[in-house]
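> Structure incoming, see below.
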Amino acid sequence: MALPPFRMRRRAGASGRRRLVLGATLAVALALFTPLSAGATSAPANNVPTGIHKIRHVIIVMQENRSFDSYFGTFPGADGIPMRNGIPTVCVPNPLTKTCDRPYHDTADINGGGPHGYQSALTDINGGKMDGFIQSAEGASRGCANPNNPVCSASTTPIPDVMGYHTAAEIPNYWTYAKDFVLDDHMFEAVNSWSLPSHLYLVSGWSARCTSHSPMSCVNDITGPYTVRQFDQAVTQELTTGTTTIDLAWTDLTWLLDHHHVSWAYYVQTGTQPDCANSQAVTCAPVFQSSKTPGIWNPLPLFEDVHQDHQLGNIKPLDAYFRAAESGTLPAVSWLAPSQADGEHPPASVHQGQAYVTAVINAAMESPDWKSTAIFLSWDDWGGFYDGVQPPKVDQNGYGLRVPSIVISPYARKGFIDHQVLSSDAYLKFIEDDFMHSARLNPKTDGRPDPRPDVRENSPQLGSLVADFNFSQSPRPPVLLPTNPPTDSPSIPPYFVGRGPCIGCTATPPSVAVIRPRRPRG
């Protein structure tokens with residue numbers, strides 16, 4: 001039967017975008033807004049609800065390489081994959097077969113994905129048609145020594161699995177979090193590129209290449225400013241001499257946090273980093289990762305201001321997060337970076353990544369700090385997977401393609417879908433509004449000027465995450481979930497009873513190893 005032609009999805013900024021008006025209206029109506037006075041290094045104070053200060057702990061959990069439609073394209077009420085009678089009505093051209101392929105339900109726990117560098121993003125978006133995903137996947141490098149390379153694809157199915165989507169049958173915990181808390185269905189990657197620039201934006205609101213220790217030596221670069229060889233050299237030199245061959249000289253958020261006396265930690269899981277450190281390399285060997293090694297998922301050791309502030313000790317192993325959560329000593333701001341095995345970057349296990357995320361969320365929920373915590377769970381880039389919403393253009397660098405995002409907190413609205421346009425810049429904005437009187441990473445006010453093209457947190461297109469909270473409600477109880485829930489995937493990794501997946505441990509049958517969470521304190 002002949003397939004219908006590809007139908008372009010509506011643009012995120014189009015006047016007919018459904019429910020965006022509702023999201024914007026709710027953002028205004030949620031609370032009475034009270035201006036906060038700006039400090040000496042602050043931009044003009046924004047209007048933020050006073051209730052935001054009930055949040056004293058922000059935890060950013062960032063995973064790898066999934067588009068919104070690949071995880072929540074069929075989530076009820078979300079702006080997902082258009083369906084008629086349960087059948088997708090969109091169809092993406094397949095250059096090899098000269099036909100087009102629809103999105104399909106993919107039960108596989110291991111996915112191949114597609115290339116996800118800067119050029120792949122341009123191909124996938126295709127001027128707003130959102131129809132280049134299969135073309136990118138079929139043109140990707142294959143047989144790479146490291147399939148995590150952004151120019152590679154591990155897809156082997158007749159229809160490239162970039163068109164596959166998962167449901168609650170494969171990722172039940174993620175869907176439970178979305179149903180019980182807040183799902184952001186217009187969260188876009190901050191930058192139109194891959195993991196390294198995305199993670200630089202996550203901590204600093206910019207991606208650049210610098211030629212010296214001076215912030216003013218930095219120039220805009222979103223394609224991947226450093227090669228795998230340069231990162232390897234940086235790791236070796238950092239470990240042996242305490243210096244690096246790479247200068248990330250522009251200003252990151254920790255500069256503001258330190259100057260406002262706000263505690264922070266960047267927790268890194270030991271293992272191998274979840275991506276290749278060069279978006280254009282044909283291949284690369286797995287790169288060791290720990291809290292002591294700089295890399296694409298641990299960029300802060302290479303930032304000059306972290307050294308200037310003597311805060312390298314704030315970059316810690318993941319075990320320190322679990323200890324802090326258990327003892328009720330979480331810092332005000334936490335970032336969590338997984339290893340490759342737990343990061344969900346194809347070809348890593350989806351089930352195992354979900355187990356890791358559930359373990360860290362359970363730890364926060366069981367913590368004495370739970371009643372003052374907000375967890376922002378997201379994925380750093382789209383991983384080559386299909387998504388049908390054209391990214392809005394905010395500046396020369398973004399936004400990139402749409403990614404999943406969930407807000408979890410005792411003050412999060414229940415079962416709410418937020419349709420505002422967002423990016424990881426919204427995390428910086430929330431932190432700045434909550435802890436630093438709305439100070440911004442602004443070269444004119446932050447005391448450490450750099451030549452960044454704009455102040456991303458002040459973009460008029462960027463929504464506010466305060467819309468996802470109801471600060472007048474009583475704190476909601478935890479939603480503790482098993483790390484090894486049932487799945488319809490034909491095969492999943494072995495697990496053990498404990499905090500999560502165990503690589504190299506004696507296997508326990510998945511049907512037995514259901515981790516039953518302890519009762520929450522209090």
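> Any idea of Arg66's accessible area? Nearest 10 Å², probe 1.4 Å.
We get 0 Å² for Arg66.
> Now for a different question. Classify segment 384-447 as rounded, prolate or oblate, taking a ≥ b ≥ c as the square roots of the eigenvalues of its Cα gyration tensor: rounded when a/c is under 1.5, otherwise prolate if a/b is larger than b/c and oblate if not.
Details: a/c = 3.02, a/b = 1.19, b/c = 2.54.
Cα axes put segment 384-447 in the oblate bin.
> Could you please state, rounded to a whole Å, how far the C-alpha centre of segment 87-109 is from the C-alpha centre of segment 162-213?
If we compute the Cα centre of each part, the gap is 23 Å.
> Let me ask something additional. Show me, for segment 358-373, the HN-Hα J-couplings you get by feeding each phi into the Karplus relation (A = 6.51, B = -1.76, C = 1.60, θ = phi - 60°), rounded to Hz, glycine and proline as x.
Values per residue, Gly and Pro as x: 4, 4, 6, 6, 4, 4, 5, 5, 7, 6, x, 7, 3, 5, 10, 10 Hz.
> Also, I was wondering about something else. Rolling a 1.4 angstrom probe over the protein heavy atoms, how many square angstrom per residue are accessible across segment 443-482?
Accessible area per residue, segment 443-482: 42 Å².
> Can I ask one more? Ranked from highest to lowest mean number of other Cβ atoms within 10 Å per residue, what is the order of the peptides 84-94, 452-462?
Result, highest mean first: 452-462, 84-94.
> List the residues, sorted by chain then number, that are 5 or more residues from Ile59 or on another chain and whose placed amide H is less than 5 Å from its amide H.
When sequence neighbours closer than 5 places are left aside, the close amide H contacts are Ser334, Ala374, Ile375, Phe376.
> Same structure again: According to the square roots a ≥ b ≥ c of the eigenvalues of the Cα gyration tensor, what is the shape class of segment 354-478, taking rounded for a/c under 1.5, prolate for a/b larger than b/c otherwise, and oblate for the remainder?
Working: a/c = 1.91, a/b = 1.30, b/c = 1.46.
Oblate.
> Could you pull out every residue, at least 5 positions away or on a different chain, whose amide H is within less than 5 Å of the one on Val191? Hs are placed 1.01 Å off N in the peptide plane, and Pro or chain starts have none.
Long-range HN contacts for Val191: Gly400.
> Roughly how many Å² of Phe471 are accessible to a 1.4 Å probe, to the nearest 10?
Solvent-accessible area, nearest 10 Å²: 20 Å².
> Going by accessible area, probe 1.4 Å, with all protein chains left in place, what is the ranking of Asp309, Asp319, largest first?
Details: Asp309 30, Asp319 95 Å².
I get Asp319, Asp309, largest accessible area first.
> Would you be so kind as to identify which of Ala364, Val350, Pro391 lies farthest towards the positive end of the dipole of segment 338-393, taking Lys and Arg as +1 and Asp and Glu as -1 on Cβ and the Cα centre as origin?
Going by the charge dipole, the pick is Pro391.
> For Tyr165, enumerate residues with amide H under 5 Å from its amide H, sequence gap 5+ or separate chain, H modeled in the peptide plane.
Tyr104, His105, Asp106
> Tell me, what HN-Hα J-couplings in whole Hz come from the Karplus equation 6.51 cos²θ - 1.76 cosθ + 1.60 at θ = phi - 60° for each residue of segment 177-193, using x for Gly and Pro?
Going residue by residue, I get 4, 5, 6, 8, 10, 10, 10, 8, 9, 10, 8, 10, 4, 5, 10, 7, 7 Hz, with x marking Gly and Pro.
> On a 1.4 Å probe surface of the protein chains, which of Tyr165, Tyr174 comes out largest in accessible area, and what is the full order? Before the final figure, lay out each step's value.
Numbers: Tyr165 25, Tyr174 0 Å².
Per-residue accessible area, sorted high to low, gives Tyr165, Tyr174.
> Can you sort Lys292, Lys444 by solvent-accessible area, 1.4 Å probe, largest first?
Numbers: Lys292 135, Lys444 190 Å².
Largest to smallest exposure gives the sequence Lys444, Lys292.
The values are calculated or read from the model by the stated rules, or taken from the named source; none is laboratory data. Treat the numbers as computed from the prediction; the structure is a model and nothing was measured. Cβ atoms come from the backbone with ideal geometry, glycine included; neighbour counts cover every protein chain shown. Ligands, DNA and RNA are excluded from the accessible area calculation, which covers all protein heavy atoms including side chains. Shrake-Rupley method; radii C 1.70, N 1.55, O 1.52, S 1.80 Å.
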